[in-house]
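As structure tokens, the structure follows; a few thoughts come after it.
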Amino acid sequence: MEGFSREVFADRRKKIMERLGPAVAVFPAASELIRSNDTTFPFRQDSDFYYLTGFPEPDALAVLINGESEQFVLFTRPRDPKQEIWTGRRHGPAGAREVFGADEAYPLNELDSTMPKILSNVDRVFFAFGKQESWDRRMMGWINQVRTKGRRGAVSAPTELIDAALVVHEKRIIKEADEIDRMQRAARISADAHTLAMKACSPGMTERELQNQLEHCCLSRGAQAMAYETIVAGGANACVLHYVENSARLNQGDLVLIDAGCELDNYASDISRTFPVSGRFTKTQRRVYEIVLEAQSVGIKSVRKGETVHSVHSSVVNLLAERLVELGLLDGDPERHARICLKSAETPDEDAREERLEDGEIGLHHYYMHNTSHWLGLDCHDVGRYREAGAWRRLEPGMILTVEPGLYISSEADYAPEAYRGIGIRIEDDVLVTEDEPEILTESCAKSVEEVEAACLGR
Ligand SMILES: [Mn+2]
């Protein structure tokens, strides 16, 4: 069971059911996805389903029953020795009970006969609506069968259908010790892989080759996959935020931005580093790099209990605005630039804002157009709300978020001094909120100018 004891999952199911009260909660597994013709994408389990079961196979359905007794029911693909020769071993219902602790388990072909029984005489049903239309349809079909019986007075049908996402996601956002440990290990592998890529990089190689070196390091160190598509962006390609073509050649004198992180037992890591292809920053590159670095350090310092992702973003934006005015990339009052940039994150409708840029005026968002942080966990952009009751939610110990400021001055940015055009820099670490000082899970990855240049030279 991928390195977690089955008690971990049993404990989560118990806590979730305590929060739900008397109810039935239904969680579908992911399905395999066709990549082309009859080949599939590498299978990745649904995160909520995995969080509650640890079960690794596609198409399963988990049902948590909190009634007269607590029950964990798992529907799985049946054992099929002939099919398993082609597509791999299956646990089957017996394995679901023995290995994964299901109280009851059935083959998938018994869903239509069993689910209406489970949903009878239950008032509240929690379901992960909207994940897969086929599951939505089947779920409503079972409920309608119970309603039909209900009209004859044979049973009572559910009266409350509630989205199961919120309660699971609100639990997932606070990481347990086991999860922090796993994410720390994922982070360390990715940190080493980035440092190795700095050493492996040389002018003339392609972005793809560098991607390969980095991913090789992650997989050979125990990661099962990358958590998202690796970005290796040489020179001005770094100004495309989600550049994944990775097909260009890396040129002497350019920077290269890598945004990559491995997945360990389904837990993500997410690191960005930017370094000189030939191992030494030019004066101009270094100037911009140190601004992003300073902004990131200010951002990380504010990852504290009681702060919010917005206050982290705000500290980054204020620092960037101040430095960009000093550098001549922005004109005017830095505080005004910071205010306008922060407002644009909260109020997308420009006309609704009191303070705006003049027509044609260059603002901070021309150079920094994304947010500073996102939650990190089983998903790279992990679940959990950023706001509660209209206000930014407070950071709590056990939350893990990224801090990833950047500056992007595209080659077409004719509003910027020419020397800076074609420079894109992002620096990103994974940070755990604790009772006091923030803990940087990706700390071992080279980051200061000196560390990065040393890593590039293989020291
Ligand atoms: Mn990120």
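Each reported figure results from applying straightforward, stated rules to the coordinates on display, with no laboratory input. Values in this document were obtained by computation on a predicted structure and should not be read as measured data. Note that we place each Cβ from the backbone using ideal geometry, even for glycine, and neighbour counts take in every protein chain shown.
Here the relative contact order of the range 322-459, from alpha carbon pairs under 8 Å that lie six or more residues apart, stands at 16 percent. The count of lysine pairs in the range 6-172 that are at least 8 places apart or cross chains, and whose C-alpha atoms lie under 27 Å apart, stands at 9.
When the helices in the chain are scored as -39500 (n - 2.57) per DSSP H run of 4 or longer and the sum is shared across all residues, what 222 nm value do you end up with, to the nearest 500 deg cm²/dmol?
For the chain, the value works out to -11500 deg cm²/dmol.
Taken about its Cα centre, the range 20-153 carries a charge dipole of roughly 400 debye when the Cβ of each Lys and Arg holds +1 and the Cβ of each Asp and Glu holds -1.
What are the membrane-span-like helices in the chain by this rule: whole DSSP H runs, Cα extent along the axis at least 24 Å, mean Kyte-Doolittle hydropathy at least -0.5? Intermediate results must be reported in sequence, preceding the final value.
Working: long enough: 133-151 (27 Å, -1.45); 177-200 (34 Å, -0.43); 283-301 (27 Å, -0.36); 309-327 (27 Å, 0.75).
Once both thresholds are applied, what remains is 177-200, 283-301, 309-327.
Where does the charge balance sit around residue 440 when Lys and Arg score +1, Asp and Glu -1, over other residues with C-beta under 12 Å from its C-beta?
Working: positive: 188, 301, 447; negative: 428, 429, 430, 437, 439, 443.
With Lys, Arg at +1 and Asp, Glu at -1, the neighbours total -3.
Positive contributions from Lys and Arg (+1) and negative ones from Asp and Glu (-1), summed over other residues with Cβ under 13 Å from the Cβ of residue 73, come out at -1. Packing, as the average of other Cβ atoms within 10 Å across residues, places the peptides 278-286, 207-215 in the order 207-215, 278-286, highest first.
Among the cysteines of the chain, those whose beta-carbon sits 4.7 Å or more from every other cysteine beta-carbon are 201, 217, 239, 341, 380, 445, 456.
Classify the range 6-172 as rounded, prolate or oblate, taking a ≥ b ≥ c as the square roots of the eigenvalues of its Cα gyration tensor: rounded when a/c is under 1.5, otherwise prolate if a/b is larger than b/c and oblate if not.
Working: a/c = 1.63, a/b = 1.41, b/c = 1.16.
Prolate is the answer for the range 6-172, as a/c is 1.5 or above and a/b outweighs b/c.
Going by the alpha-carbon gyration tensor, a ≥ b ≥ c the square roots of its eigenvalues, is the range 177-456 rounded (a/c under 1.5) or, if a/c is not under 1.5, prolate (a/b greater than b/c) versus oblate? Oblate, since a/c reaches 1.5 and b/c is not below a/b. Could you pull out every one of the lysines with an alpha carbon less than 20 Å from that of residue 199, ignoring same-chain neighbours closer than 8 positions? Counting by Cα, and skipping residues close in sequence, residue 199 has these lysines nearby: 447.
Around residue 16, what is the net charge, scoring Lys/Arg as +1 and Asp/Glu as -1 over all other residues with Cβ under 14 Å from its Cβ? Taking every other residue near residue 16 into account, the sum is +1.
Assuming a ≥ b ≥ c are the square roots of the Cα gyration tensor eigenvalues, decide whether the range 398-459 counts as rounded (a/c under 1.5), prolate (otherwise, with a/b larger than b/c) or oblate. Oblate is the answer for the range 398-459, as a/c is 1.5 or above yet b/c matches or exceeds a/b.
Which order results if 429, 38 are arranged by neighbouring Cβ count within 10 Å, fewest first? Display every interim value, and only then the final one.
Details: 429 27, 38 6.
Lowest to highest Cβ neighbour count: 38, 429.
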